[in-house]
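Visitor: My questions will all concern the structure given below.
The values are calculated or read from the model by the stated rules, or taken from the named source; none is laboratory data. Please read all numbers here as calculations on a predicted model, not as lab measurements. Here the Cβ positions follow ideal geometry from the backbone for every residue, glycine too, while neighbour counts run over all protein chains shown. Quick note on the areas: whole protein, heavy atoms, side chains included, nothing else; ligands and nucleic acids left out. Shrake-Rupley method; radii C 1.70, N 1.55, O 1.52, S 1.80 Å.
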Amino acid sequence: MGITRTLTAEQYEILHHKGTEPAFSGKYYLFNELGIYVCAACGNPLFTSEQKFDCGCGWPSFDAALPGSVKLAPDYSCGTRRTEVSCSNCHSHLGHVFDDGPTLTGTRFCINSLALDFHPRKRH
């Protein structure tokens with residue numbers, strides 16, 4: 001397991017109790033800088049800015065995850081079948097993935113901003 005980071009109460013609720021931040025409230029929802037998104041709990045690289053797109057759902061959306069970075073599991077909470085996305089390193093809850101994405105992958109990873117940290121791409 002990676003380094004454990006200090007989390008806010010809101011981050012802890014999402015990452016460890018499978019909470020969800022309110023739609024359209026997250027700092028990365030409309031964020032468009034170049035770089036890499038990592039797990040807020042352990043720093044595991046998860047998504048690149050090239051994988052991010054705006055689907056209008058209220059949460060950051062990505063059409064793919066970095067290979068081996070996430071684990072998927074069935075989620076039957078909330079009276080529906082969904083697929084939970086968690087960090088493959090520390091097993092923290094990140095969000096859910098759906099097969100209704102508008103890009104060529106057809107995938108939409110719907111991820112809580114509070115579950116992420118961002119590392120900007122270094123400029124040369």
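Visitor: Name the pairs whose Cβ atoms lie under 6 Å apart, with the first residue in region 49-60 and on the phi > 0 side of the Ramachandran plot, the second open to solvent by 30 Å² or more (accessible area, probe 1.4 Å), and 6 or more positions between them or separate chains?
Guide: If the second residue must be open to solvent by 30 Å² or more (accessible area, probe 1.4 Å), the pairs left are GLY58/ALA23; GLY58/PHE24.
Visitor: Which one of these is over 19 Å from HIS91 (Cβ atoms), in contact (Cβ under 8 Å) with a residue 60 or more places away in the chain and either exposed (fewer than 15 other Cβ atoms within 10 Å of the Cβ) or under 11 Å from the mean Cα position of the chain (by Cα) (or both): LEU34, LEU46?
Guide: None of the other options fit; the residue is LEU34.
Visitor: OK, next. Taking the criterion of being under 18 Å from HIS119 (Cα atoms), hydroxyl-bearing (Ser, Thr, Tyr) and touching a Pro at 6+ places or on another chain (Cβ under 9 Å), would at least one residue in region 29-47 satisfy it?
Guide: Yes, region 29-47 contains a residue that is under 18 Å from HIS119 (Cα atoms), hydroxyl-bearing (Ser, Thr, Tyr) and touching a Pro at 6+ places or on another chain (Cβ under 9 Å).
Visitor: Next question, about the same structure. Pick from region 107-124 the residues that are in contact (Cβ under 8 Å) with a residue 40 or more places away in the chain and in a loop (DSSP other than H, G, I, E, B): which of them is least open to solvent (accessible area, probe 1.4 Å)?
Guide: Going through the qualifying residues, I end up with ASN112.
Visitor: Six or more apart or on different chains, Cβ atoms under 9 Å: show the pairs whose first residue is in region 68-79 and at positive phi and whose second is hydroxyl-bearing (Ser, Thr, Tyr) and open to solvent by less than 80 Å² (accessible area, probe 1.4 Å).
Guide: GLY68/SER88
Visitor: For region 57-106, which positions are surrounded by fewer than 14 Cβ atoms within 10 Å (Cβ to Cβ) and among the acidic types (Asp, Glu)?
Guide: ASP99, ASP100
Visitor: Tell me whether region 6-14 contains one or more residues that are assigned to a loop (DSSP other than H, G, I, E, B) and touching a helix residue (DSSP H, G or I) at 6+ places or on another chain (Cβ under 8 Å).
Guide: The answer is yes; a qualifying residue exists.
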